[in-house]
1. In region 212-266, what count of residues is obtained for those that are free of Cβ contacts under 8 Å to residues at least 24 places away in the same chain and either part of a loop (DSSP other than H, G, I, E, B) or closer than 30 Å to residue 422 by Cα (or both)?
2. Can you work out which of the residues in region 306-320 that are more than 13 Å from residue 410 (Cα to Cα) and crowded, with 24+ Cβ neighbours inside 10 Å is farthest from the chain's Cα centre (by Cα)?
3. Considering only residues of region 425-442 that are surrounded by 24 or more Cβ atoms within 10 Å (Cβ to Cβ) and among the small types (Gly, Ala, Ser), which is nearest to residue 362 (Cα to Cα)?
4. Show me the strands (runs of 3 or more DSSP E) found entirely inside region 22-102 where at least 2 residues are closer than 30 Å to residue 441 by Cβ and in contact (Cβ under 8 Å) with a residue 60 or more places away in the chain.
5. State which residue is surrounded by the most Cβ atoms within 10 Å (Cβ to Cβ) when the search covers only region 342-361 and only residues that are part of a loop (DSSP other than H, G, I, E, B) and not hydrophobic (A, V, I, L, M, F, W, C).
6. Has region 19-33 got any residue that is of a type in the set (A, V, I, L, M, F, W, C), modelled with pLDDT of 95 or more, in contact with a strand residue (DSSP E or B) (Cβ under 7 Å, 6 or more places away or on another chain) and over 25 Å from residue 127 (Cα atoms)?
7. So is residue 252 surrounded by fewer than 20 Cβ atoms within 10 Å (Cβ to Cβ) and within 22 Å of the chain's Cα centre (by Cα) or not?
8. Of all residues in region 390-448, how many are without any contact (Cβ under 8 Å) to a residue 24 or more places away in the chain and not in a loop (DSSP other than H, G, I, E, B)?
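The values are calculated or read from the model by the stated rules, or taken from the named source; none is laboratory data. Source: prediction; values computed, not measured. Reconstructed Cβ throughout: ideal geometry from the backbone, glycine too, with neighbour counts over all protein chains shown.
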Amino acid sequence: MSDKHALIQPNRGQKAISIHLVDKSGFAQWAKRLSPLQRAALEGQKFKGEGYEVGIVPDGDGWFAVGGVADTQSLSSWCMARLAEILPAGTYVLAEGEPGPALIGWQTAQYRFTRYREPKEPTGPRILLTGEPAAVGPALAEAAAIARVRDLVNTPAQDMGPAELEAEAEALAKKYRAQLTVTKGDALEQDYPMVHAVGRAAGRSHAPRMIELAWGDAQAPRVALVGKGVCFDSGGLDIKPASGMLLMKKDMGGAAHVLALAGLIMETGLRMRLQVLVPAVENAIAGNAFRPGDILASRKGLSVEIGNTDAEGRLVLADALARACEEKPELILDFATLTGAARVALGPDLPALMARSDDTAEALRAAGDGHDDPLWRLPLHQPYGDYLKSEIADLNNASATPFAGTIIAGLFLERFVEEGIDWAHFDTFAWRPSAKPGRPAGGEALGLRAAWHMLLRRYG
């Protein structure tokens, strides 16, 4: 696993190698200050000042680095990430200005998942200094939360089942003196019947459970975080093809997001009464697996006909949302790797956002855009709720139509959220198929920073 707590430090005059940031439009003018030998060195490296380019320039007995960025006047989270990935181990400092948002990408670029294999070419850390000491703590915490999501999602189901998710929550509870309540196994049947139905086929070794964490002043505004914790999804009796199971270790990505977000909230001490709910299950196949056509009871009291056992995530989330509403929160955020339709519509980078409140949706969108974590809002188009009708139950968990799968899933969840409660739903991929600077392939936090900065603004 990855510890990033030494990668950024306050600048107290430590010996450091300088980094100059340039953009394409200003590169020629900037290069005039260099010696002919230095310009020739950059020409030999074909450095032109384009984004993510890295150049090494000799300087007497030493050297300095040059990084290409899109705009030197508006740095992004990732603009220095390529530098952090390929520069030699050492300590660095910007020659002009401060890294600002680039503190995050400097750390996330050096993330490595090493639980099962040591790096082939181990390198020491690249440390970045900043003259803004107050920025260090928040940037460390935010990067650590991203690393937590990546670590949890990258860990295969053999080592990240319902019990391990419970252990993660228990560690958070101990660290921040929160209250942890876990209901598991057959005890779920009465209080969380859909969580029990989805998870019972996994047996005792991977018994389903509802993990609930509570923290903060009971008189403070109440906020609930709900995360889908399907630790592996075979599809159940509506079994996925082999290719469809290859990434199903990441189906607990929603749980990873809310656990990481909860850690940020408690570490920072936001003024709220926080409730975290993680229904943790494995959707397995056995003689006691729930079946297409079954009618499930739910915590809310609605009956649900099973149109597809591979639409299990919304079932466990529904029981968790019903529980969250019992505490009368003013805001519920849920995260889930819920629909393939969201990825068809928006690709891997953009979580689909659905929200009841235009103000909350706009606050989340603005926070995402402002911190390089974009979202795309989809409507909760109520007429599509007709696709969830059942002839023999209150609603069906799946639609026969191939259309609007993400919105229909959101409408299913909304049926379990009490009227008058501000609620937003993130359908996130939690995975990056190919690497980008600062964002390696594998488990990824998508929507985490948007949610965090919205909450920080509202409750900080």
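1. The qualifying residues number 2.
2. Taking region 306-320 first, the residues more than 13 Å from residue 410 (Cα to Cα) are 306-310, 312, 316, 319-320.
So of that shortlist, the ones also crowded, with 24+ Cβ neighbours inside 10 Å come out as 306, 309, 312, 316, 319-320.
Values: 306: 29, 309: 25, 312: 20, 316: 19, 319: 22, 320: 19 Å.
Here the answer is 306.
3. 430
4. Of the strands (runs of 3 or more DSSP E) lying wholly inside region 22-102, those with at least 2 residues that are closer than 30 Å to residue 441 by Cβ and in contact (Cβ under 8 Å) with a residue 60 or more places away in the chain span 90-94.
5. Here is the first cut: in region 342-361, the residues part of a loop (DSSP other than H, G, I, E, B) are 347-351, 356-357.
With not hydrophobic (A, V, I, L, M, F, W, C) added as a condition, the list becomes 347-349, 351, 356-357.
Numbers: 347: 11, 348: 16, 349: 16, 351: 28, 356: 17, 357: 14.
Once the filter is applied, the top-ranked residue is 351.
6. Yes, region 19-33 has at least one match.
7. no
8. 0
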